[in-house]
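Notes for the one structure printed next.
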Amino acid sequence: MEDVELALAESGLKHESLALEMTESSIMGDAEQTMATLDRLKKMNIRLEIDDFGTGYSSLSYLQRLPFDILKIDRSFVRELSAGKGSLDIVKAILQLAHSFRLEVIAEGVETEEQLSVLRALGCGYLQGYLFSKPVDADTAERLYRTTRASGFSFPASAPVAVGTPGR
């Protein structure tokens, strides 16, 4: 908490502009302490993301109790969408689950037009991956953000280079 507060104070960043992303496995070590810390972060208006969903210690009871804003579908499920190995059903289930908890969803690792089409059809709110851009420096990210924003796409507050799709 002290590191977050110090970083916000030193940077001048608005609290609601900060998102902290954590994996399932990182939050399950000491779940009660983690819940208390996450609650404090939420009271500071910081957005919370759970990364690589479905690959760690997925616990529906914790997902229900923890104050996350965004759930990120792991790229391993996105990669397999076109392979017909059951990932389509898993992604559908994750999206339904996330939407029932009123979470925004970002699909990671979108690399093909087919994946884009499937995820849009399923109502995935946001997408990120090499189909849109390789990792870029801050200046390039800002230009990409401004250009994409001007084209009518929308973004979750915490993911300025994730491309939004009108799916929901």
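The values are calculated or read from the model by the stated rules, or taken from the named source; none is laboratory data. Model, not experiment: these values are computed from the prediction. Ideal geometry is used to build each Cβ from the backbone, glycine not excepted, and the neighbour counts take in all protein chains shown.
Numbers at a glance
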quantity: Leading residue by the ranking (surrounded by the most Cβ atoms within 10 Å (Cβ to Cβ)) among those in the range 125-142 that are polar (S, T, N, Q) and within 28 Å of Leu95 (Cα to Cα); calculated: Gln128
quantity: Candidate set from the range 11-38 (those that are in contact with a Gly (Cβ under 9 Å, 6 or more places away or on another chain) and more than 15 Å from Met1 (Cα to Cα)); member that is surrounded by the most Cβ atoms within 10 Å (Cβ to Cβ); calculated: Glu24
quantity: Options Leu13, Leu88: the member that is modelled with pLDDT of 90 or more and not basic (Lys, Arg); calculated: Leu88
quantity: Contacts under 8 angstrom Cβ, first residue in the range 131-160 being under 22 Å from Arg75 (Cβ atoms), partner modelled with pLDDT under 80 and of a type in the set (Ser, Thr, Tyr), 6 or more apart; calculated: Phe153/Thr165; Phe155/Tyr145; Phe155/Thr148; Pro160/Tyr145
quantity: Single condition Ser61 does not satisfy, out of (1) more than 23 Å from Glu16 (Cβ to Cβ); (2) at pLDDT 85 or above; (3) surrounded by fewer than 21 Cβ atoms within 10 Å (Cβ to Cβ); (4) not basic (Lys, Arg); calculated: (2)
quantity: The range 108-122 residues that are surrounded by fewer than 14 Cβ atoms within 10 Å (Cβ to Cβ), paired with ones that are assigned to a helix (DSSP H, G or I) and of a type in the set (S, T, N, Q) (beta carbon under 8 Å, 6 or more apart); calculated: Glu114/Ser82
quantity: Segments classed as helices (runs of 4 or more DSSP H), wholly inside the range 1-105, with at least 3 members that are polar (S, T, N, Q); calculated: 31-43, 87-100
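Okay, residues lined up against (1) touching a Ser or Thr at 6+ places or on another chain (Cβ under 9 Å); (2) more than 23 Å from Gln128 (Cβ to Cβ):
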site: Met22; (1), (2): yes, no
site: Thr34; (1), (2): yes, yes
site: Lys43; (1), (2): no, yes
site: Pro67; (1), (2): no, no
